[in-house]
1. Only one of 91, 127 is farther than 19 Å from residue 12 by Cβ and assigned to a strand (DSSP E or B); which?
2. Cβ contacts < 6 Å: first residue without any contact (Cβ under 8 Å) to a residue 60 or more places away in the chain and assigned by TED's automatic domain parsing to the domain that holds residue 61, restricted to the stretch 34-50; second residue part of a loop (DSSP other than H, G, I, E, B) and surrounded by fewer than 16 Cβ atoms within 10 Å (Cβ to Cβ), any location; separation 6+ or different chain. Result?
3. Is it fair to say residue 16 is touching a helix residue (DSSP H, G or I) at 6+ places or on another chain (Cβ under 6 Å), in contact (Cβ under 8 Å) with a residue 24 or more places away in the chain and surrounded by fewer than 18 Cβ atoms within 10 Å (Cβ to Cβ)?
4. On the given criteria, is residue 110 at pLDDT 85 or above and within 18 Å of the chain's Cα centre (by Cα)?
5. Could you say which residue among 112, 106, 89 is touching a helix residue (DSSP H, G or I) at 6+ places or on another chain (Cβ under 9 Å), surrounded by 12 or more Cβ atoms within 10 Å (Cβ to Cβ) and outside the structural domain of residue 65 (by TED's automatic domain parsing)?
6. Restricting to helices (runs of 4 or more DSSP H) lying wholly in the stretch 1-85: which have 2 or more residues that are more than 30 Å from residue 115 (Cα to Cα) and either modelled with pLDDT under 90 or in contact with a strand residue (DSSP E or B) (Cβ under 9 Å, 6 or more places away or on another chain) (or both)?
7. Select from the stretch 69-80 the residues that are loosely packed, with under 11 Cβ neighbours inside 10 Å and touching a residue at least 12 places away in the same chain (Cβ under 8 Å) and list them in ascending order.
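The values are calculated or read from the model by the stated rules, or taken from the named source; none is laboratory data. This one's a predicted model, so the numbers in the text were calculated from it and none came from an experiment. So basically every Cβ, Gly included, is an ideal-geometry build from the backbone, and we count neighbours across all protein chains shown.
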């Protein structure tokens, strides 16, 4: 978990207007494959997407997905214990108190609603990516967060042939080749 995400305001588009909201807010719960998750506002995940889509969408946000209770624990540390003012201490608590693991899961859950073929449609894309799930050509010791973070910076044009990679459909209309060793 990058500590900057819980301290910085989160950029969103709400009712067609670009604005900032507080991190750790806008809590919602959902189920995916029978597992309950919570999601809440987080900064940094959508990069320049709000700027790019500002006049084209009514609502756009980015949320962190965790198991229920995570947000409240982070709020306790960041707000109640005022570790927002002591980032170095907060970073040390996480670094030395939370074990690293390659057995993580990244949940990608995207819902889009809009006009298509003359009517209102909603499309949802959901995928779970597990640590070590990179395919036969990749290092199986990579965590899910390492794999998905690398995806965004390593994606290349469709049809290109990286020296090492896997075919992945990141969205129903996308067919990108993702090199896993850069």
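1. 127
2. 36/68; 38/68; 40/27; 41/25; 43/8
3. Numbers: touching a helix residue (DSSP H, G or I) at 6+ places or on another chain (Cβ under 6 Å): no; in contact (Cβ under 8 Å) with a residue 24 or more places away in the chain: yes; surrounded by fewer than 18 Cβ atoms within 10 Å (Cβ to Cβ): yes.
Criteria not met by residue 16.
4. On the way: at pLDDT 85 or above: yes; within 18 Å of the chain's Cα centre (by Cα): yes.
Yes, satisfied.
5. 106
6. Helices (runs of 4 or more DSSP H) meeting the threshold: 4-7, 70-75.
7. So in the stretch 69-80, the residues loosely packed, with under 11 Cβ neighbours inside 10 Å come out as 69, 73, 80.
Answer for the stretch 69-80, where residues must be loosely packed, with under 11 Cβ neighbours inside 10 Å and touching a residue at least 12 places away in the same chain (Cβ under 8 Å): just 69.
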